[in-house]
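What follows is calculated from the coordinates using simple rules that are stated; it is not laboratory data. Since the structure is predicted, the reported quantities are computational estimates derived from the model, not experimental observations. As a convention, Cβ positions derive from the backbone with ideal geometry for all residues, glycine included, and neighbour counts pool all protein chains shown.
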Amino acid sequence: MKTQTFGALLGSAILVSLAALACERGDSPAAPAPSSTAAASRINPSAPHFGLSADAEHDEQTGCTLASLTGSYGVQRMGFTTQGRLTAVGITTFDGLGNSLATETISRNGVVSVAQSSSAYTVAPDCTGTLTVNGAIVAHLLIVHQGTAVLGMSLTPGDNVSSHYDKVFDRPDDAECTNASLTGTYGFQRMGQNPQGPVTALGIGTFDGQGSDVASQTTSRGGVFSDQQPFVSFYTVNPDCTGTAILNGSAFAYFVIVHGGSEVLGMALNPGLNVAVHYERLVDRPGHGPEGAR
């Protein structure tokens, strides 16, 4: 797939935070477990969900349908499975008819792989839904922001995995990512685990739209805090809005640009790391971002 060098805009934010991931050095979603009657009853689209009261359900009724999920969404998943820690970032495409296809880069206990999976999905009028694989319910969904984002959680026994989806493009006239898709200053957060323990970071970065970025951050490693001075790194981006952050000639992070460049979902690629990163533009361009789509 053709890659394009991004502007320092994207680079600034992503690479520094991602570069920080590199400093932390040290598959497909878990196979669905057989469905159970209890699980099915929890997710029955025709039944009340999440313990909402009847009044609350009425207030939140928005008339969602299968068509409420249509197009490509960036997805980020994080948590624990029976095999250990999991971090994943990728793209899921919903066809508006109940079918989806996902391609994800996945880190399981710091071992990275790429996998593709297909699933069916349901949507209830109250905007709750499910993902099913081979007839087994594997995830619960909740459509928010009028279909531009989705909250989710795994229902596979033994899992503690949350997920969220963000639409790649909010405007119908947007077709692919370019160097200008990410421009300006972004705040970012990182959270996860390195071989030494938990990692959390908060920072700010500026992208120049030409493939380099400058960012700085405050990091907590096991509760010990440090400030990182402005750091420069590089990246490439594909027309489908996926991309790779590069430091010293090696890819150390994978990301997906969403909401037309207003946000970025990412993860570390370094062996031993399970660290996710999320960027948000400080000020959205007119007509871009979840708010611009509503």
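So here's what we get for this one:
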| quantity | calculated |
| --- | --- |
| Theoretical gain in end-to-end length, residue 185 to residue 227 [0.36 nm per residue, Cα-Cα removed] | 13.2 nm |
| Segment 95-222 shape via C-alpha gyration tensor axes, a/c threshold 1.5 | oblate |
| R0 of 22 Å, Cβ-Cβ distance residue 282-residue 162: FRET efficiency to nearest 0.05 | 0.30 |
| Contour excess over end-to-end distance, with Cα ends at residue 200 and residue 176 and 0.36 nm allotted per residue | 5.5 nm |
| Length added when fully stretched, residue 118-residue 66, from 0.36 nm per residue minus Cα-Cα | 17.1 nm |
| Relative contact order (%) - criterion: Cα under 8 Å, at least six apart; region: segment 107-245 | 12 |
| Spatial separation of Cα centroids for segment 265-287 and segment 119-182, in angstrom | 17 |
| Segment 110-181: C-alpha gyration tensor shape, a/c 1.5 cut-off, then a/b vs b/c | oblate |
| Paramagnetic reach from residue 251 (point 7 Å along Cα→Cβ, amide N under 16 Å) across segment 85-103 | 88-91, 103 |
